[in-house]
């Protein structure tokens, strides 16, 4: 399983997916619940329960008395990094002719494992491409 080193701890790809989904749901709906996470990631509710317990114990999420899930500062930082990579990779893939559906799927696969050096180069190239399109 791929993992990124964050603050001396190892965060696995699946944990990054859960944190990203919590961020996306919060942006889209204003809240995140386990049932929405399960649906968004196409996983079972028991899988979400296990993951939420681990993320809560790791200090990445909080759950209120009504079971609404929110990100802690450390959870938010990871989620934003992964989501930025996802959006950037999806944009560049669609710009070079990949269908939106395939670009979305491929971005999910690449966003966790791509090096910062490569991601920064892709982001710079995307900025150039978008600037040329604006002219």
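The values are calculated or read from the model by the stated rules, or taken from the named source; none is laboratory data. Just so it is clear, the structure is predicted and the values come from calculations on it, not from any experiment. No Cβ is skipped: glycine too gets one built from the backbone with ideal geometry, and neighbour counts run over all protein chains shown.
A few points about this structure:
- The set of residues in the range 85-103 being out of contact with any helix residue (DSSP H, G or I) (no Cβ under 9 Å at 6 or more places or on another chain) and either assigned by TED's automatic domain parsing to the domain that holds residue 21 or part of a helix (DSSP H, G or I) (or both) consists of 101 alone.
- Within the range 75-102, residues that are in contact (Cβ under 8 Å) with a residue 60 or more places away in the chain have Cβ atoms under 8 Å from residues that are part of a loop (DSSP other than H, G, I, E, B) in these pairs: 78/60; 82/111; 82/112; 86/111, counting only partners at least 6 apart in sequence or on another chain.
- Test: residue in the range 30-39 that is in a loop (DSSP other than H, G, I, E, B), assigned by TED's automatic domain parsing to the domain that holds residue 19 and within 15 Å of residue 12 (Cβ to Cβ): no
- Qualifying residue in the range 77-86 (condition: at positive phi and modelled with pLDDT under 95): no
- Meets criteria (in contact with a strand residue (DSSP E or B) (Cβ under 9 Å, 6 or more places away or on another chain), farther than 23 Å from residue 123 by Cα and either assigned by TED's automatic domain parsing to the domain that holds residue 122 or touching a residue at least 12 places away in the same chain (Cβ under 8 Å) (or both)) for residue 51: no
- For residue 70: the one exception among (1) modelled with pLDDT of 95 or more; (2) in contact with a helix residue (DSSP H, G or I) (Cβ under 6 Å, 6 or more places away or on another chain): (2)
- Number of the condition not met by residue 58 [criteria: (1) in contact (Cβ under 8 Å) with a residue 12 or more places away in the chain; (2) within 19 Å of residue 28 (Cβ to Cβ)]: (2)
- Complete set of residues in the range 40-61 that are outside any loop (DSSP other than H, G, I, E, B), touching a helix residue (DSSP H, G or I) at 6+ places or on another chain (Cβ under 7 Å) and over 16 Å from residue 13 (Cβ atoms): 45, 49, 52, 61
- Any hit, the range 104-113, residues being outside any helix (DSSP H, G or I), in the same structural domain as residue 130 (by TED's automatic domain parsing), within 17 Å of the chain's Cα centre (by Cα) and loosely packed, with under 15 Cβ neighbours inside 10 Å: yes
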